[in-house]
1. Any chance you could count how many residues in the stretch 35-63 are in contact (Cβ under 8 Å) with a residue 40 or more places away in the chain and either in contact with a Pro (Cβ under 8 Å, 6 or more places away or on another chain) or at positive phi (or both)?
2. If Val176 passes every condition in (1) buried (at least 19 other Cβ atoms within 10 Å of the Cβ); (2) in contact with a strand residue (DSSP E or B) (Cβ under 6 Å, 6 or more places away or on another chain) but one, which one does it miss?
3. Which one of these does Val114 not meet: (1) farther than 21 Å from Asp206 by Cα; (2) modelled with pLDDT under 95?
4. Please list, ordered by residue number, the strands (runs of 3 or more DSSP E) wholly in the stretch 126-205 having 1 or more residues that are under 19 Å from the mean Cα position of the chain (by Cα) and more than 28 Å from Asp106 (Cβ to Cβ).
5. Considering the stretch 203-251 alone, what residues qualify as being without any contact (Cβ under 8 Å) to a residue 40 or more places away in the chain and among the acidic types (Asp, Glu)?
6. Going by what's in this entry, would Phe229 be described as within 29 Å of Gly124 (Cα to Cα) and either out of contact with any Gly (no Cβ under 8 Å at 6 or more places or on another chain) or among the aliphatic types (A, V, I, L, M) (or both)?
7. Considering only residues that are assigned to a loop (DSSP other than H, G, I, E, B) and basic (Lys, Arg), look in the stretch 206-247 and name the one that is nearest to Thr169 (Cα to Cα).
8. Restricted to the stretch 193-215, and to residues that are loosely packed, with under 14 Cβ neighbours inside 10 Å and either of a type in the set (Val, Ile, Thr) or at pLDDT 95 or above (or both), which residue is farthest from Thr167 (Cα to Cα)?
Amino acid sequence: MNRSLKQLLYSLIYLVFLVFIGIVVWGFFSKQPPTCTDGKRNQNETGIDCGGTCVSCDLKDIQPVEFLGYSVMPLKSGRVSLLVHVKNPNETHHASPFSYTIRLFDENDIEREVFYGDASLVAGSDGYILENKTTYSDPKRVEFEMGDANWKLKESFLAPELVIQETSTTVDKNVVRVKGTIENKSSFGVENIHIIAILGGEYNEDVFASEMILTRMAAFRKEQFSVAFPSDPEIAQRLKTNATRVIVQAE
């Protein structure tokens, strides 16, 4: 066999070897086990990448709780009230409850304070998270991050019907109280009811916020409530008694 034929034969053998290696590699990667993110309906899924061992199909398109904004209410005494506005954009599921992280940043984008907690939001509703333990009064940026959530289908979990009535704001020796009546119109008892009172000022600004929590309220019951504020002359001087807003939320 002359030299040219030998070179041709070796080249063909080398080419066949490369093709064989390519087929093996392709077969290895093309036969990876199915996953919940491969864009295919496989395993025991009831839809594409959902159902069976994957996330429930009714949760596949769930959107996280949205951050709508915040209000910082500082006082000269050093007290600070931080009110964060959030929304559950999902019309079919309640977020009950969900965990969250709130971070406060200064003008150099350095984190100054961080808060962790849990809250709940009815399907398609917005609500508020109140933090009164902050000492940083001038954040340049506030970041809200949603953590784990327990999503409950709207049809299988009744949202409580809570109504606030007959509210009034009183001032007695620099002590401010917001009083009123809360009625549970639901056919079931409700736990951990947050009543948030936001005091308004002469120029439509938020002066300060405070809250109380009712640990449990029986079905079809009506009760009196009273939200107390810190004894601070600045609150009493700045508030406009008919500008108070009261928000009720349940976990």
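The values are calculated or read from the model by the stated rules, or taken from the named source; none is laboratory data. Predicted model, so just to flag it, every value in this text is computed and none were measured. Positions of Cβ are backbone-derived with ideal geometry, glycine not excepted, and every protein chain shown enters the neighbour counts.
1. Initially, the stretch 35-63 is screened for residues in contact (Cβ under 8 Å) with a residue 40 or more places away in the chain, giving 58-59, 62.
Then keep just the ones that are either in contact with a Pro (Cβ under 8 Å, 6 or more places away or on another chain) or at positive phi (or both); that gives none.
Counting residues in the stretch 35-63 that are in contact (Cβ under 8 Å) with a residue 40 or more places away in the chain and either in contact with a Pro (Cβ under 8 Å, 6 or more places away or on another chain) or at positive phi (or both) gives 0.
2. The one condition Val176 does not meet is (2).
3. (2)
4. Details: elements: 126-131, 141-153, 162-172, 175-184, 190-200.
Hits in the stretch 126-205: 141-153, 190-200.
5. Of everything in the stretch 203-251, just one residue is without any contact (Cβ under 8 Å) to a residue 40 or more places away in the chain and among the acidic types (Asp, Glu), namely Glu205.
6. Details: within 29 Å of Gly124 (Cα to Cα): no; either out of contact with any Gly (no Cβ under 8 Å at 6 or more places or on another chain) or among the aliphatic types (A, V, I, L, M) (or both): yes.
Criteria not met by Phe229.
7. Looking only at the stretch 206-247, we keep the residues that are assigned to a loop (DSSP other than H, G, I, E, B), and these are 218-221, 229-232, 240, 244.
Checking which are basic (Lys, Arg) leaves us with 221, 240.
On the way: Arg221: 23, Lys240: 9 Å.
Here the residue is Lys240.
8. In the first step, residues of the stretch 193-215 are kept if they are loosely packed, with under 14 Cβ neighbours inside 10 Å; the result is 202-205, 213, 215.
Okay, now just the ones that are also either of a type in the set (Val, Ile, Thr) or at pLDDT 95 or above (or both), so 213, 215.
Numbers: Ile213: 17, Thr215: 20 Å.
Here the answer is Thr215.
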